[in-house]
Amino acid sequence: MSNMTRMRMHMAVSEDPNLPRRSVQEAGVDGEKLTVMAAKLPSWGMKSIVLVQAGALVWEWHDTGEDRPLSLYSCTKSVLSMLMGIAIGQGQLKGTDERVADWLEPFGRKGVDERLAAIELSHLLTMTSGIDWPDFDKPYRAMRTSADWVQFVADRSIHQPPGRAFCYNSGGSHLLSAVLTKATGQSALSYASEHLFSPLGIQRAAWSSNRDINEGGTGLHLSARDMAKLGLLYLHGGTWEGKTIVPSEWVRTSTRAHHKALVHYEPHIYGQYGDHWWVSDGDEESGPFYFAFGYGGQYLIVAPELDAVVVIRKAPTGRNQAIVSRELFHQWIVPILQRRRAKP
């Protein structure tokens, strides 16, 4: 069953030396609109909002007054994508064309369906493995009650050749975490602590696991500011304070749309899909952006044309209620940040 692995080092959450701060006035964003928006956030079920622009924290709001580590839900998948990119950059993985069967025994066993044996890391990253996983991740709950989550996914039938069709599958994400652990000899949390979290000053994290493999599809807990730092890392092409953390080529390719995915889903809470990142063409005001998405309205949005990173955390009250967070971004946050962009 699942258990929680923790990395915890004590530090006051009121200030973060790894995330510079500017006042609303210094940043030149729309302070009056921020004040009006802040008064509405509790009624919209919001838990945390963090706005970063031009490399600095310009505004934050937390329902309890404290930025607590909370579940990322499926935003976890995008952090896992970061770790896969780091492992490829370090040579622990050769690339996304490696077969899962070369790392995980249940996929290479004698007599296995040749389509299952042909699944590559790229198929898992783009949710195109072909594994039967119906009704938008419905088997996920059964997987979590099983003794061995990797084996559970391997025992599923396959109904499409790998690479053909998009099918949202948190089980496939867990396979990526298992491959990462095999390739690096470390759990995803341990690997992240050394190669991703520590360089960014991320000092409080927890991540659920099964059989010493951190859950790939969800289960990571971080503060909203720490989520923002991960977005800022990507906005800067994978570099942090002059040091490459994630290879720039991985940042570019993983946040590029590889499949139309759920771009036509209503309400419009999703988008196209990259390598465990969602991708949107945006609109004239926001410009194109990419984002991590978690159940019920958790968003980590990277908007290059606004030079901005936005974290929105909402109390989950159903999948489609994520539209409240999405409308908050487009109708309130983008105009607030646009004011600075419009200045000469």
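The values are calculated or read from the model by the stated rules, or taken from the named source; none is laboratory data. Bear in mind that the values here come from a model prediction, so they are computed numbers and not experimental data. Quick reminder, even Gly has a Cβ in these numbers, built from the backbone with ideal geometry, and neighbours come from all protein chains shown. Accessible surface areas use protein heavy atoms only, side chains included; no ligands, DNA or RNA. Shrake-Rupley method; radii C 1.70, N 1.55, O 1.52, S 1.80 Å.
Looking only at residues of the range 204-240 that are among the charged types (D, E, K, R) and at positive phi, we find that the one that is surrounded by the most Cβ atoms within 10 Å (Cβ to Cβ) is R211.
The condition of being within 23 Å of the chain's Cα centre (by Cα), β-branched (V, I, T) and either modelled with pLDDT under 95 or open to solvent by 30 Å² or more (accessible area, probe 1.4 Å) (or both) does not hold for V24. Just to be sure, is D281 open to solvent by 30 Å² or more (accessible area, probe 1.4 Å), of a type in the set (D, E, K, R) and on the phi > 0 side of the Ramachandran plot? Here the answer is no, as D281 does not meet what is asked. Taking the conditions exactly as written (farther than 22 Å from N169 by Cα, at pLDDT below 95, of a type in the set (V, I, T) and open to solvent by less than 30 Å² (accessible area, probe 1.4 Å)), does V29 satisfy them or not? Yes.
Considering the range 129-139, the residues that are part of a helix (DSSP H, G or I) and at pLDDT below 95 include one that is least open to solvent (accessible area, probe 1.4 Å), namely D137. In the range 284-304, the qualifying residues are those that are touching a residue at least 24 places away in the same chain (Cβ under 8 Å) and open to solvent by 30 Å² or more (accessible area, probe 1.4 Å), and the one that is farthest from S78 (Cα to Cα) is E285. Determine if the range 181-203 includes at least one residue that is out of contact with any His (no Cβ under 7 Å at 6 or more places or on another chain), outside any helix (DSSP H, G or I), at pLDDT below 95 and closer than 30 Å to E15 by Cα. Yes: one or more hits. Per the listing G172, G163, the residue uniquely in contact with a His (Cβ under 9 Å, 6 or more places away or on another chain), among the small types (G, A, S) and in a helix (DSSP H, G or I) is G172. Checking the stated criteria, D275 turns out to be at negative phi, open to solvent by 10 Å² or more (accessible area, probe 1.4 Å), of a type outside the set (S, T, Y) and touching a Leu at 6+ places or on another chain (Cβ under 9 Å). Please determine, by comparing only the residues of the range 79-107 that are touching a strand residue (DSSP E or B) at 6+ places or on another chain (Cβ under 7 Å) and outside any helix (DSSP H, G or I), which one is least open to solvent (accessible area, probe 1.4 Å). Once the filter is applied, the top-ranked residue is E98. Filtering the range 140-160 to residues that are assigned to a helix (DSSP H, G or I) and touching a Leu at 6+ places or on another chain (Cβ under 8 Å) leaves V150, V153, A154.
From the list S173, S187, S157, exactly one residue is surrounded by fewer than 23 Cβ atoms within 10 Å (Cβ to Cβ), of a type in the set (S, T, Y), within 24 Å of H259 (Cβ to Cβ) and touching a residue at least 24 places away in the same chain (Cβ under 8 Å). Which is it? That would be S157, the only listed residue that is surrounded by fewer than 23 Cβ atoms within 10 Å (Cβ to Cβ), of a type in the set (S, T, Y), within 24 Å of H259 (Cβ to Cβ) and touching a residue at least 24 places away in the same chain (Cβ under 8 Å).
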